[in-house]
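The values are calculated or read from the model by the stated rules, or taken from the named source; none is laboratory data. Everything numeric here is computed off the predicted structure, so don't read it as measured data. So basically every Cβ, Gly included, is an ideal-geometry build from the backbone, and we count neighbours across all protein chains shown.
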Amino acid sequence: MNWTCKTFNELSSTELYQILRARSAVFVVEQSCVRLDIDGKDERAVHLFAHEDGPMPIAAYARLSIGEDDEPEVWVDRLFTNAQRRGDGTAETLLEHVQHEVARRWPEHRVRLSAPTFLKAFYEQFRFKKIDGPYLDHGIPHIGMSWRAPVNVEVAVPTRAGRVLRRAPSSMGML
């Protein structure tokens with residue numbers, strides 16, 4: 001599995017197609033969320049993904065984008081692992097890559113995400129804390145969670161470091 005992080009303009013047409021196909025498979029087909037996934041935010045975002053050989057080559061994905069406020073927050077959304085990768089540690093590796101990339105690009109920024117309530121403990125192991133909710137997002141209970149990126153981090157490839165929350169793979173898609 002190869003991890004890549006690219007801006008929208010750096011993505012090849014094949015990579016973009018594979019990402020959008022994988023997001024549709026998880027969020028539209030598996031979760032039955034009827035929504036416009038191509039929401040106009042991809043062009044301003046950084047796309048972090050794991051690629052591997054196979055019929056569904058995007059194994060894991062997260063979209064990172066920064067707001068335009070005076071004190072902008074980094075938003076992490078569209079997080080998922082494909083169905084074949086759930087429960088094997090790929091989700092944990094994805095979060096480590098997310099934190100590494102955010103700390104490298106946007107040190108000291110607050111990072112926000114909207115997490116399904118059943119994944120609260122998963123995100124807490126990565127120092128995310130609940131800041132609001134619960135609320136419904138496409139019929140699924142969610143909570144807002146936040147983490148502040150450190151400054152002066154050593155820029156190295158993340159390793160799992162033994163942090164694996166023992167849990168059953170989600171039947172809801174995502175992680």
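Structure notes:
- Filter result (buried (at least 17 other Cβ atoms within 10 Å of the Cβ) and either under 15 Å from residue 113 (Cβ atoms) or not β-branched (Val, Ile, Thr) (or both)) within the range 52-68: 57, 59, 60, 61, 62, 63, 64, 65, 66
- Taking the range 69-90 as the range and being surrounded by fewer than 15 Cβ atoms within 10 Å (Cβ to Cβ), touching a Lys or Arg at 6+ places or on another chain (Cβ under 9 Å) and outside any loop (DSSP other than H, G, I, E, B) as the test, only 77 passes.
- Across the range 1-20, the qualifying residues are those that are touching a residue at least 40 places away in the same chain (Cβ under 8 Å) and of a type in the set (A, V, I, L, M, F, W, C), and the one among them that is farthest from residue 40 (Cα to Cα) is 1.
- Yes/no for residue 60 being farther than 16 Å from residue 122 by Cβ and in contact with a Ser or Thr (Cβ under 8 Å, 6 or more places away or on another chain): no
- Within the range 114-127, residues that are under 10 Å from residue 147 (Cβ atoms) and surrounded by 19 or more Cβ atoms within 10 Å (Cβ to Cβ) have Cβ atoms under 6 Å from residues that are aliphatic (A, V, I, L, M) and modelled with pLDDT of 95 or more in these pairs: 123/115; 123/145, counting only partners at least 6 apart in sequence or on another chain.
- Test set (1) more than 15 Å from the chain's Cα centre (by Cα); (2) buried (at least 17 other Cβ atoms within 10 Å of the Cβ); (3) farther than 26 Å from residue 133 by Cα - residue 100 fails condition number: (1)
- Members of the range 26-51 found to be among the aliphatic types (A, V, I, L, M) and surrounded by fewer than 17 Cβ atoms within 10 Å (Cβ to Cβ), listed by number: 28, 29, 34, 36, 38
- Top-ranked residue of the range 129-172 - restricted to ones that are touching a Ser or Thr at 6+ places or on another chain (Cβ under 8 Å) and at pLDDT below 60, ranked as surrounded by the fewest Cβ atoms within 10 Å (Cβ to Cβ): 160
The rows are residues; the columns are (1) within 14 Å of the chain's Cα centre (by Cα); (2) farther than 25 Å from residue 40 by Cβ.
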site: 75; (1), (2): yes, no
site: 134; (1), (2): no, yes
site: 140; (1), (2): no, no
site: 145; (1), (2): yes, no
